[in-house]
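Everything on this sheet refers to the single structure shown next.
Every number in this text was worked out from the coordinates using simple rules, so none of it is lab data. Everything quoted here is computed from the prediction, not taken from an experiment. Note that we place each Cβ from the backbone using ideal geometry, even for glycine, and neighbour counts take in every protein chain shown.
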Amino acid sequence: MEWLKRRYMDFVMVLLIPLIVTAALCVMFQDRTIKEIPTAVYLGDNSALARKIAGYFDDSETFDIRYYASSPYEIEELIEKGDANFGLVIPEGFERDIKSQKQTTVLTVIDASRLAMASAAKIKAFEILMSVKAGALMQLLQAKLSLNSQQALHTALAVDMKSRLLYNELRDYKSFLMPGIMAGILQSGLAMAAAASRRSDKEGPRRVLTRIGYFWALGFSALAINIAMLAIVFGVPLRGSAAAIVVLSAAFALCVSAMGVAISCVVKNSLTCAQAAAVLFLPNTMLSGYTWPLGAMPHAYETAGRFIPYTRYAESLRDMMIKGESQSLHSDMLYLLLVACAVLAAALVFALKRPQGISGKLEIDTTKRSIAILTAGPIFFTLLFGGIYLNDYYNSIPFAVSDNDNSQLSRMIVSQFERSEKYELAGYADSPAELKSMLDSKKAHIGLYIPADFEKNVKALKSPTAAVIVDGSNIAVANNAQSKATEIISTISAGASIKAMEARGFTPDTALNLAKIINIESRNLYDPKLTYKMYMMPGFIVILVQQLFMSALTPKLLDRGRISFNAAGFSLLGALVYSVCMLLGRHALGMDFTGSIATASLYVFLMLLALSGVAAIIAFSFGDALRATQLCMMLSMPTFLTAGYVWPLEQIDPALKAVVGAVWPAIYAVSPIRDVLIKNAPLNQFTVELLSLLAFGLFWGAAGYYVSKRTGHIKKRKPSEQAAMEVGHE
């Protein structure tokens, strides 16, 4: 039992916290896809056709029509206030213009500050409106040429281009994100626990090996339990070999354990070790390409990312679970084992040469350490993560082609993809099976299949089917690849329809006019390019400041410093550092913030101040700077993911949302701070959130004061001490 008391924090960090957080996030992602996006509609026409289109949107599970606007400008006002995230504008005379064969335009208005919603809305809206456009053209052709429905269909859709998402057809965020998130949280806990595990001034090789073995067993067990929970309890697919996943997880646990213990061999101070491990391992999820692909990063980041052990593990784990196989499985296992062996050898050599570790040089007093952490940390990570998103888009996406027709038309279609900067031809496949194999092996992220006799069937008005096949295991890549492909496909289909109508006797001008009878335009508010850096950076840096604030404040509180003074001082410092980070983002990293950085920083100050009571409770409950810091660092990713930033608050289970809001204030601050910066929203728009933040701060501040008194960190001064202080002041 004595051993367990000394080691309980290892189990908390490696087993308990990852298990709780993984379960909570799976509950959060229970809807799996973005649904019920708040939608506003302007019916300038109010005709039967316009109402039918609105009905198509309302019937879709992606949209929820909550407002019918009196003007297009009201839609923008609703989006600006956060009441709607998507708008549909149907102009006046819409149905009349179609019947008289005049071109008309349907406009979609998208709140680009919420990228997950924006991507889902953009793709689904385009699908619905393209179907409406095809239906309208069919009715015109039937009326003018007395065609039956089949003939009208083959003319309107001269090329039937299908789009298929492999492995994750529903765009299931739980399947996409949870294997990697689970591994990221667990590796951080394992690395920090192993790094802070040194118990003696001098350690030999035998002790080093014992610690690595202990943490390997703990980490491997935690990985196995969490993966089993994902598959059995929460329905994340497990299509691959369980034995292969076990071996892969064992290699990863050994690698992380060896790296954590190696840090403790170099640095003697356990607190410094834990902080070093956090700096090394917490950024891995961003640098690994798990969400934003390595191919979209600058070359230096891409090269570095491929050497990160987490990259090898997380990608292979997701492929094994979602796809059923990983082409790089064996090489990833070998790489993890080689890194583990290399780090282990380095740790043993250091244990032999310097068993006492490095001390003295890395020791600084608590105040200086805390200020340095809170000042330098956010700025460093802003520059580091800002570099990841320097490229606005993922261009040169590798695509493969299976052209079984090899006609002039099929080669023209392939050339349309080649000419786009979005794609880069990776090769040709002789069959659909080979095309899928290229997607499985990640030689290509998107495949284009053109059947035999394609051009002949187009000329015969038989509507041949071609297909765009997308690897859906990474939703960020899939959405990026599919959006441009959809535009190219619609252009090709329209061109083929024009040829088909000319073949039925229409003049070229009339055919062109009919093909463009409904123009579909999209307007992205606040971030026209739909970039990840504008979406991710404001909120992620808030969370980094929050965690470094907690890590800086908790040791200072344990030094019996003045609680209120330190809380206010570090909150102010955190807010000032956040403003510096956002200025760097605006002027050095190309983030086009239109809102007030000062207002956003004021909100950060209020959030940190509200969090001070929680910091006091953590510090005084543990009574140990190391354990308090470890816990604070572990909370970075969970608090970011549950704050309504990545996943809409409307889709989070109410009970989970209530629990999160009761124990952590980020849910009241992170999204409003983003809206202040990106949408230039005024603070009075967030009255409810600010009042909730105030209530949170008052409750947990009082709780923190109570805990500090109960644990003896605030004591009444004796009369002699008070008198001595008064004499000193005189």
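Annotations
- The mean sequence separation of alpha-carbon pairs under 8 Å and at least six residues apart, normalised by the residue count of the stretch 387-515, gives a relative contact order of 24 percent.
- Using the Cβ of Gly539 as centre and a radius below 12 Å, the other residues enclosed give a net charge of +2, where K and R count +1 and D and E count -1.
- Cα-Cα over 18 Å, subset of Lys174/Lys484; Lys122/Lys484; Lys122/Lys323; Lys436/Lys459; Lys323/Lys436: Lys174/Lys484; Lys122/Lys323; Lys436/Lys459
- Folded to 0 to 90 degrees: helix 2-11 orientation relative to the chain principal axis, Cα: 30
- Under 5 Å, built H, 5+ apart or other chain: amide partners of Ile397: Tyr423, Glu424
- Summing Lys and Arg as +1 and Asp and Glu as -1 over all other residues whose Cβ lies under 13 Å from the Cβ of Leu435 gives a net charge of -2.
- A Förster radius of 60 Å combined with the Cβ-Cβ distance from Leu352 to Ser431 puts the calculated FRET efficiency at roughly 0.55.
- Interchain or long-range residues, amide H under 5 Å from Arg164's placed H: Val468, Ile469, Val470
- Using a Förster distance of 30 Å, the FRET efficiency for Asn519-Asn680 (Cβ separation, nearest 0.05): 0.50
- For the stretch 171-363, relative contact order (Cα pairs under 8 Å, six or more residues apart, normalised by length) works out to 36 percent.
- Near Leu88, the amide H atoms lying under 5 Å from its own belong to Ala40, Val41, Tyr42, Val109; only residues 5 or more places off or on other chains count, and H is placed 1.01 Å from N.
- Counted by Cβ distance under 14 Å from Met333, the other residues give a net charge of -3, where Lys and Arg count +1 and Asp and Glu count -1.
- Positive-end residue, the chain charge dipole about Cα centroid, Cβ charges, pick of Ala452, Asn284, Ala40: Asn284
- Additional length obtainable on full extension of the chain from Arg66 to Asp392, 0.36 nm per residue less Cα span: 114.1 nm
- Span from the the stretch 610-648 Cα centroid across to the the stretch 397-447 one, whole angstrom: 48
- Across the cross-link table entries Lys102/Lys133; Lys368/Lys709; Lys35/Lys657; Lys422/Lys456, which are compared at the Cα atoms, the separations over 23 Å belong to Lys368/Lys709; Lys422/Lys456.
- Per-residue ³J(HN,Hα) for the stretch 106-122, Karplus 6.51 cos²θ - 1.76 cosθ + 1.60, θ = phi - 60°, Hz, x for Gly and Pro: 9, 10, 10, 10, 10, 7, 7, 6, 10, 5, 4, 5, 4, 5, 5, 5, 4
- Integer Hz, Karplus 6.51/-1.76/1.60 couplings in order for the stretch 193-199, x for Gly and Pro: 5, 5, 5, 9, 8, 5, 10
- Computed extension gain for His587 through Phe11, at 0.36 nm per residue and net of the alpha carbon distance, reaches 203.0 nm.
- Rg over Rh, two decimals, the chain (C-alpha only, Kirkwood Rh): 1.03
- For the stretch 171-363, the Cβ-based charge dipole about the Cα centre amounts to some 540 debye (Lys, Arg positive; Asp, Glu negative; other atoms uncharged).
- Antiparallel content of DSSP bridges confined to the chain, in %, to 5: 20
- Across the stretch 455-462, coupling constants 3J(HN,Hα) worked out from phi with the 6.51/-1.76/1.60 Karplus curve, θ = phi - 60°, read 5, 4, 6, 5, 5, 7, 6, 9 Hz, and Gly and Pro carry x.
- Of interest is the spacing of the C-alpha centroids, which for the stretch 540-587 and the stretch 165-234 amounts to 29 Å.
- The chain - charge dipole about Cα centre, Lys and Arg +1 at Cβ, Asp and Glu -1, debye rounded to 20: 2220
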